[in-house]
There are 2 protein chains.
Amino acid sequence: MTDEDFMRHAIALSRRGMAGGAGGPFGAVVVLEGRVVAEGWNQVTSTLDPTAHAEIVAIRRACTALGRFDLRGATVFTSCEPCPMCLAALYWSRCDRVVYANNRVQAAGIGFDDEFLYQEIPKPIAARSLPMQRLLAEEALEVFAEWTGKPDRVAY
Amino acid sequence: MTDEDFMRHAIALSRRGMAGGAGGPFGAVVVLEGRVVAEGWNQVTSTLDPTAHAEIVAIRRACTALGRFDLRGATVFTSCEPCPMCLAALYWSRCDRVVYANNRVQAAGIGFDDEFLYQEIPKPIAARSLPMQRLLAEEALEVFAEWTGKPDRVAY
């Protein structure tokens, strides 16, 4: 199996999910040691979950299949450049590599917010379109201190 | 119920989840029309899901509870400034407002990658620490064209 084979698999999932009414035209596979360990496709509208992008679904399924909370050593093939949510999820997964086909500009071309979100995320909080405010910082910080002092904490 | 009450609820969830070994010290609640419609807390290590941050869990539960794939009109209270994954998820959820307590610098101070990810996401692809490459762009673009021509597509 080559990178092209895995990408065609991801693209096939994007087409099948779209045709079946699962959600937008996006598919992904997680590959470890030359083998597909999980598939994902967009399921936002069918499962009523705005986080159910192809990559998020594939990451979750791969971790379940592997029995661990990281994807070290894995490559994620996705039919479209990950949106910032999915890109950050890929970082959190500690996967080795990402291969993509469509890009954020093309996603914007069919009505998706990926490019807009890439513009918003780096802005100072006050400059973003989503209103955010801070509250009770001191009370919350106590919990962070408790985490630091917790001897059996599991880091990730 | 005031904003302070809802934030104390989110902070209490962050402490309870941490103490119970669910994951990191993070909690969130989704509030609509003055009522908590969903709670979330970090469950990364206990559910083997690197995407199971407090906000993601809360968004998913709130959408399930409300029976829709958006959180228009809602405010999300989170015990820590959302990481880029969660921030983008909040945008995708179309919630009205976000209230947070700890910030990304404090999260970095107890060992979490939030601030690092805020630095990585805006970089050009080639400059990021996560290797990414493009493949089969033309084949994938055909699916986007099919989406545009799909008369019964559900936009989000």
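The values are calculated or read from the model by the stated rules, or taken from the named source; none is laboratory data. Everything numeric here is computed off the predicted structure, so don't read it as measured data. All Cβ positions, even for glycine, are placed from backbone atoms using ideal geometry, and neighbour counts span all protein chains on display. Heads up: the accessible areas ignore ligands, DNA and RNA and are worked out on the full protein's heavy atoms, side chains in. Shrake-Rupley method; radii C 1.70, N 1.55, O 1.52, S 1.80 Å.
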(request) Could you please state, rounded to a whole Å, how far the C-alpha centre of the stretch B:13-79 is from the C-alpha centre of the stretch A:55-78? (result) 21 Å
(request) Would you calculate, for chain B, the mean residue ellipticity at 222 nm contributed by helices, counting each DSSP H stretch of 4 or more residues as -39,500 (n - 2.57) and dividing by all residues, to the nearest 500? (result) -13000 deg cm²/dmol
(request) Between copies, how far apart are the A:ARG97 label points? List them in nm, one decimal, shortest first, with each point 7 Å from Cα toward Cβ, please? (result) 4.7
(request) For the B and A pair, go ahead and give the buried accessible area with a 1.4 Å probe, both sides summed, in Å² to 100. (result) 8300 Å²
(request) For chain A, set up a Gaussian network in which alpha carbons nearer than 10 Å are linked by springs, and say which option among A:ALA101, A:ALA19, A:ALA38 fluctuates the most. (result) A:ALA19
(request) List the equivalent ellipsoid semi-axes of the stretch A:22-156 in whole Å, largest first, each obtained as the square root of 5λ for an eigenvalue λ of the Cα gyration tensor. (result) 28, 24, 13
(message) Apply the Karplus curve 6.51 cos²θ - 1.76 cosθ + 1.60, θ = phi - 60°, to the phi angles in the stretch B:7-13 and return the couplings in whole Hz, x for Gly and Pro.
(response) 5, 5, 4, 4, 5, 4, 5
(message) Accessible area of the stretch A:15-72 with a 1.4 Å probe: how many percent of it is carbon plus sulfur?
(response) 49 percent
(message) I'd like to know how the stretch A:100-148 sits against the 2.2 N^0.38 Å rule of thumb: what's its Cα Rg over that expected value?
(response) 1.79
(message) Positive end of the dipole of the stretch B:4-102, charges at C-beta (+1 Lys, Arg; -1 Asp, Glu), about the Cα centre: which of B:ALA74, B:ALA19, B:ALA62 has its Cα farthest in that direction?
(response) B:ALA62
(request) Choose one of A:THR45, A:ALA10, A:GLY34: the residue whose Cα lies farthest towards the positive end of the charge dipole of the stretch A:1-55 (beta-carbon charges +1 Lys, Arg; -1 Asp, Glu; about the Cα centre). (result) A:THR45
(message) Not counting ligands, DNA or RNA, and with a 1.4 Å probe, what is B:ARG97's accessible surface area in Å² rounded to the nearest 10?
(response) 60 Å²
(request) Give, rounded to the nearest 20 debye, the magnitude of the charge dipole that the stretch B:79-156 has about its Cα centre when Lys and Arg contribute +1 at Cβ and Asp and Glu contribute -1 at Cβ. (result) 180 debye
(request) Take peptide B:66-77, look around each residue's Cβ out to 10 angstrom, count Cβ atoms belonging to other protein chains, and average those counts. (result) 2
(request) Return the long-range amide H neighbours of B:ALA38 (sequence gap of 5 or more, or a different chain), with a cut-off of under 5 Å between placed amide H atoms. (result) B:VAL30
(message) Taking B:VAL154 in one copy and the same position in all the others, each labelled 7 Å out along Cα→Cβ, what are the pairwise distances from the first, in nm, shortest first?
(response) 3.3
